[in-house]
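Following: one structure in structure tokens, then a few remarks.
A short reminder: the numbers here are calculations on the coordinates, not readings from a lab. Just so it is clear, the model here is predicted, and its values are computed rather than measured. Here the Cβ is made from the backbone with ideal geometry for all residues, glycine too, and neighbour counts use every protein chain on show.
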Amino acid sequence: MKVLFVAAEGVPFSKTGGLADVIGALPKALKQEGVDVRVVLPRYGDTPEQFVKEMELVHRCSVHVGWRNQYCGILRLEYNGVIFYFIDNEAHFKRPGTYGFFDDGERFAFFNRAVLDALPALHFQPDVIHCHDWHSGMIPVMLTQYGNQAFYAKIKTVFTIHNLQYQGVFPKSVLGDLLGLGWEHFNVNGIEFHDQVSFMKGGLNYSNAITTVSPTYAQEIQTAYYGADLEGVLARRQSFLTGIINGIDLDEWDPKTDPYLVKNYTWRSPKRKQENKVALQGELGLAQDSNIPMVGMVARLARQKGLDLVAHVLEEILKLNLQLVVLGTGEPEYEQMFKHFAGKYPDKVSATISFKNDLAHKIYAASDLFLMPSLFEPCGLGQLIAMRYGSLPVVRETGGLKDTVHSYNLETGEGNGFSFTNYNAHDLLYTMQKAVGLYELGEDGPWMSIVSNAMRSDFSWQQSAKKYKELYESVCSRA
């Protein structure tokens, strides 16, 4: 089985969100399942120099973008046993950042065409091209133009939705001018979307299979509330749609070996976790007391993450005997909110408005609770990492949060965190009060048992990789 991943970002070369973590970890797990998987990414201007130095130029070609011919270089690098290819064009990609630019339509039209044109020169004929999010959504559409060439004739496509809210919608003029496609594709069952062109819709309508990153999200996006105006397309193609939960990289996220921790620990020695809490309290200028429950947040500071709920009850939450540690950047109103409360309660609240990888590791290890009350969450990685480190998630039951966090049941002793159903600020407050109350019971209560349940949960990529391999085999067996 030969599979080519195509994505806009991937750890450790580029990252804006969880997509990059998936691209960095899933291929490695698939290799262990016997899949020959390779990855194609853009070669951005801020790709770390240490990797650029190791890249080998393996091919040059001209790529047709509408009526233009544009240079394309193909660079190759092997990392963690996986071969990565990088599409190189300075006009499109030699700039800081990944996407969000005025010319993204042209940039990723070029990227999609370049991937297909370069394939024969790479001496790698994939059975499946696995496209991730809108940035590669035109590959299944463009592939219809290559069907009369033997090299491409049997290639199948899988398209994964990581976040349906971001769709790559551009004026309909890009159809011929950039994509080189005919008007036969511009219809409701093609790539037309409100009289524009949607790269996301291309992936949904033309792929041989569609996946998303949790079973619950796969169901949710077929409804108007979550479907972002594509619920009809997804409902029509539901027989091709599968939800496969993400995993986490157990090598990077392991409290037993994590080099950023003051004290390493496992589920058998969770009390050592408290030493990390006291150390982080000292580092951040909080009151140092191992008995105070610490609540962590490592997130993009946006409404999607439920921060409007937090804003409504944060004053009341901070009346509880707890500390809040926040790390992230995002929408200015939420950045200012956390800065305000850090100034108002310097012994109880720390807000670092940036992203620091070492601090993220320390917060997961030091916190007792991890706050993630999302409005919607396709999968979420934060809650998986938190449980791995014995930090119990407080989440709303949506998407991957519902699939992975099971609220503690006092009668059965089952559960690995705390959750609430309705998108309601006072339901969040009540759940926080319940969680803190259980923590304060100390050794007389069930806290350590819940921590053990969380740390022993299996969120490795290996389980997901097996399901992806089965999907590839199923797709390739179809006529």
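Some points to look at:
- Computed Rg/Rh of the stretch 418-479, alpha carbon atoms with Kirkwood Rh: 1.29
- Amide H contacts of L41 (H built 1.01 Å from N, in plane; Pro and chain starts excluded): Y85, F86, I87 sit under 5 Å, all sequence-distant by 5 or more or on other chains.
- Stretchable slack from E252 to E90, in nm (0.36 nm times residue separation minus alpha-carbon distance): 55.1 nm
- Compared with the alpha-carbon gap, the fully stretched path from H194 to H312 is longer by 38.9 nm at 0.36 nm per residue.
- Which of S239, A228, P259, positive extreme of dipole for the stretch 204-300 (C-beta unit charges): P259
- Share of alpha-carbon pairs per 5 Å distance bin for the stretch 116-247, given as whole %: 2, 11, 21, 23, 19, 14, 8, 3, 0
- Computing FRET efficiency as 1/(1 + (r/R0)^6) for Q125 and Q165, where r is the C-beta to C-beta distance and R0 is 41 Å, gives about 0.75.
- Other residues with beta-carbon under 10 Å from the beta-carbon of D88 carry, at +1 per Lys or Arg and -1 per Asp or Glu, a net charge of +2.
- Reachable lysines, given that their alpha-carbon falls under 19 Å from the alpha-carbon of K402 and they are not under 8 places away in the same chain: K305, K434
- Overall Cα dimensions of the stretch 270-458, principal axis frame, Å, largest first: 42, 34, 30
- Around the amide H of G330, modelled in the peptide plane, lie the amide H atoms of L301, all under 5 Å away and 5 or more residues distant in sequence or on another chain.
- Shape category assigned to the stretch 60-117 from the gyration tensor of Cα positions, a/c cut at 1.5: oblate
- Efficiency of FRET from Cβ geometry, D444 and L57, R₀ 56 Å, rounded to 0.05: 0.30
- Placing unit charges on each Cβ (+1 for Lys and Arg, -1 for Asp and Glu) gives the stretch 270-458 a dipole about its Cα centre, and among Y345, A365, L309 the Cα reaching farthest toward its positive end belongs to A365.
- Tilt relative to the chain, helix 18-32 - C-alpha long axis, 0 to 90 degrees, to 10: 80
- Computed from Cα atoms, the angle from the helix 461-477 axis to the main principal axis of the chain rounds to 30 degrees.
- Label-to-label distance for K339 and F101 is 2.9 nm, based on points extended 7 Å past Cα in the beta-carbon direction.
- Relative contact order of the chain, pairs being alpha-carbon contacts under 8 Å that are 6 or more residues apart, as %: 13
- Shown in residue order for the stretch 369-385 are the 3J(HN,Hα) couplings computed by the Karplus curve 6.51 cos²θ - 1.76 cosθ + 1.60 at θ = phi - 60°: 10, 10, 8, 8, x, 5, 5, 8, 8, x, 9, x, 10, x, 5, 6, 5 Hz (x for Gly and Pro).
- Rounded to the nearest 20 debye, dipole of the chain from Cβ charges on Lys, Arg, Asp, Glu: 740
- Within the shell defined by Cβ-Cβ distances under 10 Å, the residues around R76 carry a net charge of -2, with Lys and Arg each +1 and Asp and Glu each -1.
- Alpha-carbon Rg/Rh ratio, for the chain, with Rh computed the Kirkwood way: 0.99
- Taking each DSSP H run with n ≥ 4 as -39500 (n - 2.57) and averaging over every residue of the chain yields -10000 deg cm²/dmol at 222 nm.
- For the peptides 54-60, 366-372, 5-11, 265-271, residues were scored by their other Cβ atoms within 10 Å and the scores averaged per peptide; the highest-first order is 366-372, 5-11, 265-271, 54-60.
- Modelled FRET efficiency - R0 35 Å, Y71 with F355, Cβ distances, 0.05 increments: 0.55
- Local net charge near Y265, Cβ-Cβ under 11 Å (Lys/Arg +1, Asp/Glu -1): +3
- Principal axis dimensions, the stretch 82-194 - Cα atoms, whole angstrom, descending: 36, 36, 27
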